[in-house]
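The values are calculated or read from the model by the stated rules, or taken from the named source; none is laboratory data. The structure presented is a predicted model; accordingly, all values stated were derived computationally and were not measured. Glycine gets a Cβ as well: all are built from the backbone with ideal geometry, and neighbour counts include every protein chain shown. Surface accessibility is based on the protein's heavy atoms, side chains included, excluding ligands, DNA and RNA. Shrake-Rupley method; radii C 1.70, N 1.55, O 1.52, S 1.80 Å.
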Amino acid sequence: MSKGFDVILRNGILVCPDGVKKADVAVCDEKIVEIAEEISGDAKEIIDATGNYVFPGTTDGHVHFNDPGRTDWETITTGSSALAAGGGVAYFDMPLNCSPCTLDAKNFNAKLAVAQKDSLVDYGFWGGLTPQNLDKLEELAECGVIGFKAFSCNSGIDEFERMDDFTALVGMEKLAKLGLPLMVHCENNEITRDLTSIALSNNKTTVRDYFAARPPITEIENVSRMISLAEETGCKLIIAHISTAKAIELVTQARSRGVDVCCETIGHYLILTDDDVERMGTVAKCSPPIRNTENQTKMWAKLLNGEITFVSSDHSPCDPKLKDGEFLKVWGGISACQTTLPALLTHACHNRKVALEDIAKLTSQNVNEIFNIQGKGKIALGYEGDFALVDLNKEFILQAESLFYKHQVSPYVGDRFRGTVTQTILRGTTIFKDGKIVSKPIGRHLRPNL
Ligand SMILES: NC(=O)N[C@H]1NC(=O)NC1=O
Ligand SMILES: [Zn+2]
Ligand SMILES: [Zn+2]
């Protein structure tokens, strides 16, 4: 009897953990069941991947889809569609800027209900850690959060209070027991707060004034403080959107003495510079701010060295009206979840010769491993049939109309990319093809396997 598969993907060039190889891959019951030079047998669907590189579909470890509660900024429908259009099969949504924030089981369940109904791709949720919810960490862990997120400085959202040092210490002790990681937005609170208020009182609100109000030392100081707390408590620590080479060095040193710490960075810290932000304006405002070329060059060297564990989008959109005004005063956050993979193909693979396997690790495998998500993140037997098909040399210029975001805004509009996502497949089902979303929402909740 001939073997009947659900899907055979033929003639693609697979980006596997141990290298890149031309092979067929077969999926049955949502999982990869065979990888071979040529797979014989029937399938309900044959996909011809000739000329395409096949990456594991990406998992974006850091997005703000704002649903429920701020759906005029983004929704799970629009955000997950944009992600799929960029080769994404999963995301971990932040506990803010949705409303209510994800600070207890009740609010977690409200978000879960929206995602179960609307999410095109698979999803995990971050819980929040603030001074108000130290007694809710256990119930959030039971709900299945992938980790906890906290801000050392003002979060920009009133209901999401910053984590003072006491909360950091007690929270980390609790998370060490729960075996879940804490991700911290690391910028020193007092320095950013006071430099910002001095700038405001002197009417200094330009882009350069904003950079001056959040200098590199604010990140460097806070990363080292968080490492000390993690070292003492045994809590697993992830530095969010690291933006300075010096802070990465602190993480690497701590790791080498056995501290359980790693860092995430974001595409824009690797691609844009302070001069770009000055030219582009508020569309490229984020915190920590985008730094200078010298720092960026050093960050690339560290990425090539393996010192950065994963690359996310920190997709943090808003109503465009909130970007209209003086630089220092407007919303900080960049829309980017549709472009992370094409941006890395362009800037890492083509321009800096980063190996394709390493791009797959930074956008998929490492993220799933860090958060103990089983069966996702690589093209290997027994893993889920999650693929991003990429025409590696096909160029495109990003048009606003091709963005699936609620607001078709991005600092990359008008930029030339080399590396086009042609098709995205989630657990064997094609969800995006040739510029269009082609599936109903089929996303599923991802919980860590602890
Ligand atoms: N609240 C929120 O999304 N903040 C994000 N925006 C940004 O630029 N940095 C962040 O942490
Ligand atoms: Zn942040
Ligand atoms: Zn964020």
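List of remarks:
- Breaking point among (1) of a type outside the set (S, T, Y); (2) assigned to a strand (DSSP E or B); (3) open to solvent by 50 Å² or more (accessible area, probe 1.4 Å), for V390: (3)
- Meets criteria (within 16 Å of ligand 1 (Cβ to nearest atom), of a type outside the set (A, V, I, L, M) and touching a residue at least 40 places away in the same chain (Cβ under 8 Å)) for N52: no
- Given (1) away from ligand 1 (no atom under 16 Å from the Cβ); (2) within 19 Å of C263 (Cα to Cα); (3) β-branched (V, I, T), index of the condition T340 fails: (1)
- Residue among A400, A355 that alone is open to solvent by less than 50 Å² (accessible area, probe 1.4 Å) and either under 20 Å from S312 (Cα atoms) or assigned by TED's automatic domain parsing to the domain that holds H315 (or both): A355
- Note on the range 133-156: residues that are open to solvent by 10 Å² or more (accessible area, probe 1.4 Å), closer than 19 Å to Y91 by Cβ and within 16 Å of ligand 2 (Cβ to nearest atom) total 0.
Residues are listed down the side, and each one gets a yes or a no for (1) under 23 Å from E232 (Cα atoms); (2) crowded, with 21+ Cβ neighbours inside 10 Å:
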site	(1), (2)
P131	yes, no
D158	no, no
L175	yes, yes
M183	yes, yes
N202	no, no
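- The listed residue being of a type outside the set (G, A, S) and either surrounded by fewer than 24 Cβ atoms within 10 Å (Cβ to Cβ) or under 30 Å from S224 (Cα atoms) (or both), out of D122, D104: D104
- Flag for I47 being outside any loop (DSSP other than H, G, I, E, B) and aliphatic (A, V, I, L, M): yes
- Close pairs (9 angstrom Cβ cut-off, 6 or more residues apart or separate chains): on the phi > 0 side of the Ramachandran plot in the range 118-146, open to solvent by 10 Å² or more (accessible area, probe 1.4 Å) and at pLDDT 95 or above anywhere: G144/L112; G144/H445; G144/L446; G144/R447; G144/P448
- All conditions in (1) surrounded by fewer than 20 Cβ atoms within 10 Å (Cβ to Cβ); (2) closer than 19 Å to S81 by Cβ hold for S313, with the sole exception of (1).
- Residue match in the range 163-170 (condition: at pLDDT 95 or above and within 16 Å of ligand 1 (Cβ to nearest atom)): yes
- Restricting attention to the range 411-431, the residues that are on the phi > 0 side of the Ramachandran plot and assigned to a loop (DSSP other than H, G, I, E, B) total 3.
- Residues in the range 91-121 that are more than 16 Å from ligand 1 (Cβ to nearest atom), touching a Phe, Trp or Tyr at 6+ places or on another chain (Cβ under 8 Å) and more than 16 Å from Y405 (Cα to Cα): F108, L112, A115.
- Checking each residue in the range 277-308 for being under 24 Å from A254 (Cβ atoms) and open to solvent by 20 Å² or more (accessible area, probe 1.4 Å) picks out S287, R291, E294, N295, T297, K298, A301, K302, L304, N305, G306, E307.
- Condition check for D209: away from ligand 2 (no atom under 16 Å from the Cβ), closer than 21 Å to N295 by Cβ and part of a helix (DSSP H, G or I): yes
- Residue tally, condition within 16 Å of ligand 3 (Cβ to nearest atom) and among the acidic types (D, E), over the range 282-338: 1
- Boolean, D260 is under 23 Å from N368 (Cα atoms) and not basic (K, R): yes
For every residue, the table says whether it meets (1) aliphatic (A, V, I, L, M); (2) within 20 Å of D93 (Cα to Cα); (3) touching a residue at least 24 places away in the same chain (Cβ under 8 Å).
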site	(1), (2), (3)
H350	no, no, yes
A360	yes, no, yes
G377	no, yes, yes
V390	yes, no, yes
L426	yes, yes, yes
D434	no, no, no
I437	yes, no, yes
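- Meets criteria (in contact with a helix residue (DSSP H, G or I) (Cβ under 9 Å, 6 or more places away or on another chain), within 16 Å of ligand 1 (Cβ to nearest atom) and among the charged types (D, E, K, R)) for D276: yes
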